[in-house]
1. Taking the range 74-102 on its own, how many of its residues are hydroxyl-bearing (S, T, Y) and in contact with a strand residue (DSSP E or B) (Cβ under 6 Å, 6 or more places away or on another chain)?
2. Among the candidates T193, T156, T207, which residue alone is hydroxyl-bearing (S, T, Y) and touching a Phe, Trp or Tyr at 6+ places or on another chain (Cβ under 7 Å)?
3. Could you list all residues from the range 116-144 that are within 18 Å of F163 (Cα to Cα) and either among the small types (G, A, S) or part of a helix (DSSP H, G or I) (or both)?
4. Taking the condition surrounded by fewer than 19 Cβ atoms within 10 Å (Cβ to Cβ) and of a type in the set (D, E), does E151 pass?
5. Say we look at the range 162-215 and pick out the residues that are of a type in the set (G, A, S) and crowded, with 16+ Cβ neighbours inside 10 Å; which of these is farthest from R147 (Cα to Cα)?
Amino acid sequence: MSAPLELSLVIPVYNERDNLPVLVEEIDRALTARRGCYEIVAVDDGSTDGSLDVLKALKREHPEIHIVAFAANAGQTAAFAAGFGAARGRVVVTLDADLQNDPADIPGLLSELERSGAAAVAGYRVERRDSSWKRLQSRIANGVRNRLNRETIRDTGCSLKAFRVEALRALPLFNGMHRFLPTLVRMQGGRVTEVPVRHRPRRFGKTKYGMWNRVFRALVDALAVRWMQRRALRYRVREELP
Ligand code: UDP
Ligand code: MG
């Protein structure tokens, strides 16, 4: 076992070949002050475009990259879960591999985590750089989630978030739950704050989600989370006499 680190970036990668070199470069630039104190946990989610080879090549120059490669595509939540399992940092920052999140926002997220003392900080995209069709889908999905789960999270579809590692240890993760991480953290008693972050258009590769898995799945998943919220175990131990 190697020593714990200050920070682990957990990044799901599914067919993002052309984005990866730029991403690693941008992270390096954004976190120069923290060099040696962070790792990049890149989880290749069964890419078929050579993303894994690109990651392996990048790792030669960047030993801070830790690669977890899935045998086949298992979905974004599975990729996050495997990344959380591998992470050695006290703090975990999640972000997408497609350059839509800007690594330059990471220091701000970390200082908000520090300042607020919260268990997690969720980014919300102020100026969303996606098609109006996709923005509409995402507005509906966020609305459904917040309504059904009595939540106030502005933009849980934004992957850029920071977590204290303890807050991630016991989360009930199932397919689709990556969009409910702030709610799941709150369900376990953790506090979550939000900060505005930048957003950029996708330059290379394409989105993995459409109407079906963005909007309809959001509804079904929000009902599942609602069930969990209702059935969450709540007890206080008065005494224990071992
Ligand atoms: N992703 C993944 N497995 C999947 C789908 C997506 O690891 O089955 C990754 C993808 O490579 C990207 C992130 O999750 O890094 C977000 O995906 P995408 O950009 O397609 O989502 P959008 O921005 O369109 O909501
Ligand atoms: Mg994207």
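Bear in mind that the values in this text are calculations on the coordinates, not laboratory data. None of these values were measured; they are calculated from a predicted model. With ideal geometry, Cβ positions are generated from the backbone for all residues, glycine too; neighbour counts draw on all protein chains shown.
1. 1
2. That would be T156, the only listed residue that is hydroxyl-bearing (S, T, Y) and touching a Phe, Trp or Tyr at 6+ places or on another chain (Cβ under 7 Å).
3. Result: S116, G117, A118, A119, A120, A122, G123.
4. no
5. G205
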